[in-house]
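The values are calculated or read from the model by the stated rules, or taken from the named source; none is laboratory data. Predicted model only: the values in this text are computed from it and were never measured. Methodologically, a virtual Cβ is constructed for each residue, glycine included, from the backbone with ideal geometry; neighbour enumeration extends over all protein chains shown.
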C-alpha cells in the first residue's frame, strides 16, 4: 500500500485545518531542497460549501469518543458508525503516545532525522505527544473493509464497528511543549513525503501578519498575530509569534516540517529565526 500524506494540527490561535476538498486560494508556500512545494497556506473561501454535514460532524464526534475508549496508545483504526450514515462513510482515528522525558522521545524516534532538544532558548522540555499515521488503504481495500464493518455493526447490535490499521513508522506528527515559568513554546514536527495544506479562515485574519524569509538558503514563514480590540474571543491564543520551515532529509523523498509557536509573543523575531537555524543544522 502506498502512503498518502494527511495533515496538520494547528498550533496557533488562528484557525488552521487541513483539507484538499475546500475552495481556497494560495497565500504562502515552502519548498524542499529539490524545489518541490511541500507546504502551502491557503485562504479558505468561506462562501463555498465544505461538504461537511451535521451528520458528518456527529459521526466524527462519536468515532473520536469510541477511539478514546477502545484504542491503546499508539494505535489507529477505521471506524464505521451506522446511525445517520446513508453514504456509508468511515472515519480513521488515531491514539497518541505520550512522553514526559525528551530522552525517551529521542529513543522512540531514533534514526528518524528529527531534532529533539532538551532546551529551546530558555524554555525546557515539558511533554510531548507522538501520533503515527496509518498506511493509506487502496479504494478496493477501503470498499471491502466498509462492507465488513457495516455487517459487523449490524450483527453486533452495537451500531458501530472498527478495524485496526497498520501504522506507517515513517509518517508521524509530533507535538511538544516547552516551558519557562508560565510561558510556553510549542513545537510541532511532521515527517512526510507529501504536501501539507493549511487553510486559514478570512474571519480570523485580522491582526495576523506573515512574512516569507530566506535564511542560509532555507525558506521560512514568520507570523505574528494579535487579537484586535473587541475580538479577543475569536482566538484561543490572543497574541503570539510563529515560524514554519522544512528540513529535507538527505538522500530521501521525506522531509520534516517544523512549526515553532511562541505563545504570548515573548521571543523576538530574531530569536525565532535563531531557533529555526538550530533545528536546520
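Could you pull out the residue among 141, 155 that is farther than 30 Å from residue 258 by Cα, out of contact with any strand residue (DSSP E or B) (no Cβ under 6 Å at 6 or more places or on another chain) and touching a residue at least 24 places away in the same chain (Cβ under 8 Å)?
Of the residues listed, the single one that is farther than 30 Å from residue 258 by Cα, out of contact with any strand residue (DSSP E or B) (no Cβ under 6 Å at 6 or more places or on another chain) and touching a residue at least 24 places away in the same chain (Cβ under 8 Å) is 141.
Answer yes or no as to whether residue 132 is in a strand (DSSP E or B) and touching a helix residue (DSSP H, G or I) at 6+ places or on another chain (Cβ under 9 Å).
no
From (1) in contact (Cβ under 8 Å) with a residue 40 or more places away in the chain; (2) closer than 25 Å to residue 67 by Cβ; (3) exposed (fewer than 14 other Cβ atoms within 10 Å of the Cβ), pick out the condition that doesn't hold for residue 131.
(3)
I'm told residue 225 meets every condition in (1) crowded, with 21+ Cβ neighbours inside 10 Å; (2) modelled with pLDDT of 90 or more; (3) in contact with a strand residue (DSSP E or B) (Cβ under 6 Å, 6 or more places away or on another chain) except one. Can you identify the failing condition by its number?
Unmet condition: (2).
Taking residue 112 as the residue in question, decide whether it is in a loop (DSSP other than H, G, I, E, B), out of contact with any strand residue (DSSP E or B) (no Cβ under 6 Å at 6 or more places or on another chain) and modelled with pLDDT of 95 or more.
yes
Taking interchain pairs and intrachain pairs at least six residues apart, which have beta carbon atoms under 6 angstrom, with the first residue in the stretch 26-49 and at positive phi and at pLDDT 95 or above and the second assigned to a loop (DSSP other than H, G, I, E, B) and surrounded by 15 or more Cβ atoms within 10 Å (Cβ to Cβ)?
Correct list of pairs: empty, since none qualify.
Take residue 104 and tell me if it is over 23 Å from the mean Cα position of the chain (by Cα) and under 30 Å from residue 185 (Cβ atoms).
Taking the combined requirement at face value, the residue does not satisfy it.
Please specify each residue of the stretch 76-109 satisfying the condition of being under 30 Å from residue 124 (Cβ atoms), out of contact with any helix residue (DSSP H, G or I) (no Cβ under 6 Å at 6 or more places or on another chain) and not in a helix (DSSP H, G or I).
Within the stretch 76-109, 94, 95, 96, 97, 98, 100, 101, 109 qualify.
Identify, by number, the condition in (1) in a strand (DSSP E or B); (2) crowded, with 18+ Cβ neighbours inside 10 Å; (3) under 19 Å from the mean Cα position of the chain (by Cα) that residue 40 doesn't meet.
(2)
Restricted to the stretch 181-214, and to residues that are in a strand (DSSP E or B) and without any contact (Cβ under 8 Å) to a residue 60 or more places away in the chain, which residue is farthest from residue 263 (Cα to Cα)?
In this case the residue turns out to be 214.
Taking the stretch 146-169, which residues are crowded, with 16+ Cβ neighbours inside 10 Å, at pLDDT 95 or above and in a strand (DSSP E or B)?
Hits for the stretch 146-169 are 160, 161, 162, 167.
Filter the stretch 105-120 for residues that are loosely packed, with under 14 Cβ neighbours inside 10 Å and farther than 24 Å from residue 183 by Cβ and give the result.
The answer is 107, 110, 111.
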